[in-house]
Amino acid sequence: MRPALRPLSLPAFRRLAVVRLVDELGDWLGEIALAVLVFDQTGSPMATAALFLALQFVPAITTPPLVARLESLPVRVSLPALNLVQTGAFAALAVLSSDFSLAPVIALAALAGALAISGRALSRAAAAAVVAPQGLLREGNALLNLSFTVGAAAGPAIAGVVVAGIGPRPALFADAASFAAVALLLATASGLPRAQAQAAGWLVRLRGAVAYVRQRRKLRLLIFGQAAAFMFATIVIPIEVVFAKQTLGAGDAGYGALLASWGVGMVIGGLAFAGLRNMSLPSLLAMGTLAIGFAYLATAAAPTLLIACGASAIGGTGNGVQWVGVMTAVQQLTGADFQARIISLLESIAKASPGLGFLLGGGITAIFNPRVSFAIAGVGVLGVLAVSSVLLARAGWWGEPVEEAAHQPDGDILVSPGDARLGDGSGE
């Protein structure tokens, strides 16, 4: 078997990779069905915006404490349970669609979003526990990323066709069925990690995770650097439709082509990460982030839709490399007992950081125009790359895995006097 595919020889990993793809497709189906339902029932862009805020910010707040509670359970229990609750939530949303009321729809959507991100963090940690002992963490993450990128590229198109063809109510029931199928896949999987004894309560473990990040400079720099990059990168998301339809005069089809180009690029980037096994993580992260920044600047100057789509494909390729690179780097810098909690923090940041980016994008476009928003996004991403590269090099991070031994199985941290100095030049 080719080295890049070796994680697929592990039955538990195969099951988790399939689950990741089905989850991504289900997420898109649920989000698009809900967006159509809310807008059709209310006719209000503000109601639709409230839906997406619930899907974004509630998970950002609830994911770390929920993961801290669930990580002490066997994966075969926690992940199927999360998916069964999501099954119930989407079935209830489907029922509510015929007797619509905005408040309960928003509340159930927020619950479903929180469960989805928590499940993603737990499954990432479970996958790492399966492949890391075999020395296949990077290869495993590359394959999980391919599952994600294929789902992210195909999900919107499939969901759009399904919702347009059968309507939001049947689509929501179909989404509920997909979560039930995932629960069954996970409950019957073999080789999933067992529960670890946790002497401390969930709140103590959550505080321990925050302290863990604060005491490790390399890990801290990666996570906060990614938060800044997310903020700038998401400036363009709310204004891409304005750019395509008004600035380029390309209409709805042009907007769809712009998004599809990014999705195709993400798949190419995922394949590139899997293929570039011998390139260091810092180099891959730099290349991916550079591609995103360049793509935004090129889009800002693009005179035609064709050039804008080409730039978008370049940015998507960078995105497909950069995110899995950051995830892999964070996992390499994190001890086994902290994997789920630290990944949940990273996933929460990925949900929360775009909020400021959305506000900046809308405000900049209102004052100037979409091209200025793309330009500021590009400059910001490249600025984050430059600063983060210097700081990580000074911290001594060159992409090497760290053998973490400074924690106990019960989640308590053993802190030496030297480690307690936050921000010293040598955090692990």
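The values are calculated or read from the model by the stated rules, or taken from the named source; none is laboratory data. Predicted model, so just to flag it, every value in this text is computed and none were measured. A quick note on method: Cβ atoms are made from the backbone with ideal geometry, for glycine too, and the neighbour counts reach across all protein chains shown.
Yes or no, residue by residue, for (1) among the charged types (D, E, K, R); (2) over 20 Å from VAL379 (Cα atoms):
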| site | (1), (2) |
| --- | --- |
| GLY225 | no, no |
| GLU240 | yes, no |
| LEU258 | no, yes |
| VAL267 | no, yes |
| LEU271 | no, yes |
| MET279 | no, yes |
| ALA295 | no, no |
Please give the number of the condition GLY191 fails out of (1) part of a helix (DSSP H, G or I); (2) assigned by TED's automatic domain parsing to the domain that holds ARG20; (3) over 17 Å from ALA350 (Cα atoms). (1)
So which residues in region 358-384 are buried (at least 21 other Cβ atoms within 10 Å of the Cβ) and of a type in the set (Gly, Ala, Ser), if there are any at all? GLY361, SER373, ALA377, GLY378
Index of the failed condition, LEU360 passing every other in (1) more than 22 Å from the chain's Cα centre (by Cα); (2) at pLDDT below 95: (1)
Any hit, region 166-173, residues being of a type in the set (A, V, I, L, M, F, W, C), over 28 Å from GLY335 (Cβ atoms) and without any contact (Cβ under 8 Å) to a residue 60 or more places away in the chain: yes
Which condition from (1) surrounded by 24 or more Cβ atoms within 10 Å (Cβ to Cβ); (2) over 29 Å from VAL330 (Cβ atoms); (3) of a type in the set (Phe, Trp, Tyr) is the one that TYR255 breaks? (1)
So if I check each of GLY225, GLY165, GLY160, GLY151, which one is part of a helix (DSSP H, G or I), surrounded by fewer than 20 Cβ atoms within 10 Å (Cβ to Cβ) and touching a helix residue (DSSP H, G or I) at 6+ places or on another chain (Cβ under 7 Å)? GLY160
What is the one condition in (1) in contact (Cβ under 8 Å) with a residue 24 or more places away in the chain; (2) assigned to a loop (DSSP other than H, G, I, E, B) that ILE292 does not satisfy? (2)
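Is it the case, given these coordinates, that ARG205 is more than 30 Å from ALA386 (Cβ to Cβ), assigned by TED's automatic domain parsing to the domain that holds SER353 and modelled with pLDDT under 85?
yes
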Could you check, for region 47-57, whether at least one of its residues is in contact (Cβ under 8 Å) with a residue 24 or more places away in the chain, surrounded by 22 or more Cβ atoms within 10 Å (Cβ to Cβ) and assigned by TED's automatic domain parsing to the domain that holds ALA153? yes
